[in-house]
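**Q** The structure under discussion is supplied below as structure tokens; questions concerning it will follow.
The values are calculated or read from the model by the stated rules, or taken from the named source; none is laboratory data. All figures in this text were calculated on a predicted structure; none of them were measured in a lab. All Cβ positions, glycine included, derive from the backbone under ideal geometry; neighbour counts span all protein chains shown.
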Amino acid sequence: MMSPSPPQQRIGLPWPEHNDGLEYKDVVSSSESELTTVSDFYFTKYKSSAPLLGWIQRIQNGQIQIDGEVVKDPKTVLRSGSKLVYHRLPWKEPDTPYSLEILYEDDDLIALNKPSGLQVLPGGLFQQRTLLTQLQWWFGKKDFSTGSPESHPVPVHRLGRGTSGILLCAKTKLAKTKLAAYFAEGTSLVGSGNLDQDCGTGRKLSKIYRALADGIVEEDEVVIQQPIGVVRYPGVAKGLYVASPEGKPAFSKVVVLERDREKSCTLVKVEIQSGRPHQIRIHLAYIGHPLIGDPLYVAGGQPKCFDTDLVADDAAFAEDGGYRRPNQPVPGDCGYYLHAHQVDLLNLLNTHQVVKIVAPLPPILQTSSEAEEKGLSSSKLS
């Protein structure tokens, strides 16, 4: 098994105070142009971005162009083929860590240690303060220093914003295709009865996490196969992932590492076969042991605030015209303890070798013996 010593290199540039804003481009189709005003067009097509009054505010603010000309009248009638541009104004994104440790790198792959609080891809309030931006800055800097274009890595999977640990990024198109196939194969095995294979005996990718669960998990080992589906939820445009009998199959194997009965928490190791969004958070909550500090999921694998009929107040929109952040917790909220600790995968070029990548554990996710070896406190919660 290959397990090269990490290069001990960190990358990351401090974030600018404000991002660069965004541009969203559209071309009006013949069906969309029929008796459609510019305000109706944006409200109908982008309801999740802003209420009608918010879009009217943006238009009157001069943020919309039609065929290169700024329009400020929300009742402007559109024509088929017109080119629209919405300029989202620059804003200060929430405080976000930016420093990343390189855990492993070869010609095809780079593995980074993502800190909790850093979003992987742009979305919502985080458009520039993302792991992808740091990757682009780092490899753009390398290209400039060498005078020749190099690879431009992209993440091939995601970790929740509050989750730390190993994030795999492909440096070539072939590597991206192969890694995507590795992840897809793992998910496809769920329900096939072939879940006990590891990288050495058939599976091409193995992912092991550490987590701190609420309460005492009495069983030494628990296999969870609860399906995960999507429900309507305020502030999450595409819906919230929850435990659902109508959802897609998911598989998690939980192994207890240490129980702290005084503080009523359990340190666990979790191997996931599938890769459903928020799977570990949902699965541990489903068996009655949500992650310590999880602001969203509670016992049963459901959200704390579950009112699917709740809608945004059209009169309550933010300064830029968009919806205000909902009062209910959302998936990107941090506070829980979950770490992608180890990944074993077949070498992308030499499939007879297995690459083992390990991300150092945060002190709170170490066992007492691991902490003692490093001279750290063994207390899980202070």
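**Q** Does the range 65-72 include one or more residues that are assigned to a loop (DSSP other than H, G, I, E, B) and either touching a residue at least 60 places away in the same chain (Cβ under 8 Å) or touching a Phe, Trp or Tyr at 6+ places or on another chain (Cβ under 7 Å) (or both)?
**A** There is no residue in the range 65-72 that is assigned to a loop (DSSP other than H, G, I, E, B) and either touching a residue at least 60 places away in the same chain (Cβ under 8 Å) or touching a Phe, Trp or Tyr at 6+ places or on another chain (Cβ under 7 Å) (or both).
**Q** For the range 127-145, indicate whether the set of residues that are among the basic types (K, R), surrounded by fewer than 21 Cβ atoms within 10 Å (Cβ to Cβ) and over 30 Å from G321 (Cβ atoms) is non-empty.
**A** Among the residues of the range 127-145, at least one is among the basic types (K, R), surrounded by fewer than 21 Cβ atoms within 10 Å (Cβ to Cβ) and over 30 Å from G321 (Cβ atoms), which makes the answer yes.
**Q** Please enumerate the residues belonging to the range 273-305 that are among the β-branched types (V, I, T) and out of contact with any strand residue (DSSP E or B) (no Cβ under 8 Å at 6 or more places or on another chain).
**A** Passing the criteria: only V298.
**Q** Continuing with the same structure: Report yes if some residue within the range 306-323 is within 17 Å of L240 (Cβ to Cβ), surrounded by 18 or more Cβ atoms within 10 Å (Cβ to Cβ) and modelled with pLDDT of 90 or more; otherwise report no.
**A** No: zero hits.
**Q** Something else about it: Looking only at the range 20-45, count how many residues are assigned to a loop (DSSP other than H, G, I, E, B) and touching a helix residue (DSSP H, G or I) at 6+ places or on another chain (Cβ under 9 Å).
**A** 2
**Q** Here is a further query. Suppose the filter is at negative phi, modelled with pLDDT of 90 or more and surrounded by fewer than 17 Cβ atoms within 10 Å (Cβ to Cβ); does E23 pass it?
**A** yes
**Q** Here's another thing I want to ask about it. From the list S33, S39, pick out the single residue that is surrounded by 18 or more Cβ atoms within 10 Å (Cβ to Cβ), of a type in the set (G, A, S) and either modelled with pLDDT of 95 or more or farther than 24 Å from G124 by Cβ (or both).
**A** Of the residues listed, the single one that is surrounded by 18 or more Cβ atoms within 10 Å (Cβ to Cβ), of a type in the set (G, A, S) and either modelled with pLDDT of 95 or more or farther than 24 Å from G124 by Cβ (or both) is S39.
**Q** I need a count of the residues in the range 171-204 that are at pLDDT 70 or above, under 18 Å from V354 (Cβ atoms) and of a type in the set (A, V, I, L, M, F, W, C).
**A** Adding up the residues that qualify gives 4.
**Q** Among the listed residues G288, G301, G235, G275, identify the single one that is surrounded by fewer than 22 Cβ atoms within 10 Å (Cβ to Cβ) and touching a helix residue (DSSP H, G or I) at 6+ places or on another chain (Cβ under 8 Å).
**A** Going through G288, G301, G235, G275 in turn, the sole match is G275.
**Q** Let me ask another. I'd like to know if the range 353-362 contains one or more residues that are of a type in the set (S, T, N, Q), touching a strand residue (DSSP E or B) at 6+ places or on another chain (Cβ under 7 Å) and at pLDDT 95 or above.
**A** No: zero hits.
**Q** Now, a different point. Any chance the range 138-160 includes a residue that's over 20 Å from P277 (Cα atoms), hydroxyl-bearing (S, T, Y), touching a helix residue (DSSP H, G or I) at 6+ places or on another chain (Cβ under 8 Å) and not assigned by TED's automatic domain parsing to the domain that holds R58?
**A** Within the range 138-160, one or more residues are over 20 Å from P277 (Cα atoms), hydroxyl-bearing (S, T, Y), touching a helix residue (DSSP H, G or I) at 6+ places or on another chain (Cβ under 8 Å) and not assigned by TED's automatic domain parsing to the domain that holds R58.
**Q** Same structure again: Out of all the residues in the range 11-45, which are in contact (Cβ under 8 Å) with a residue 12 or more places away in the chain, hydroxyl-bearing (S, T, Y) and more than 30 Å from P97 (Cα to Cα)?
**A** Answer for the range 11-45, where residues must be in contact (Cβ under 8 Å) with a residue 12 or more places away in the chain, hydroxyl-bearing (S, T, Y) and more than 30 Å from P97 (Cα to Cα): S29, S30, S33, T36, T37, S39, Y42.
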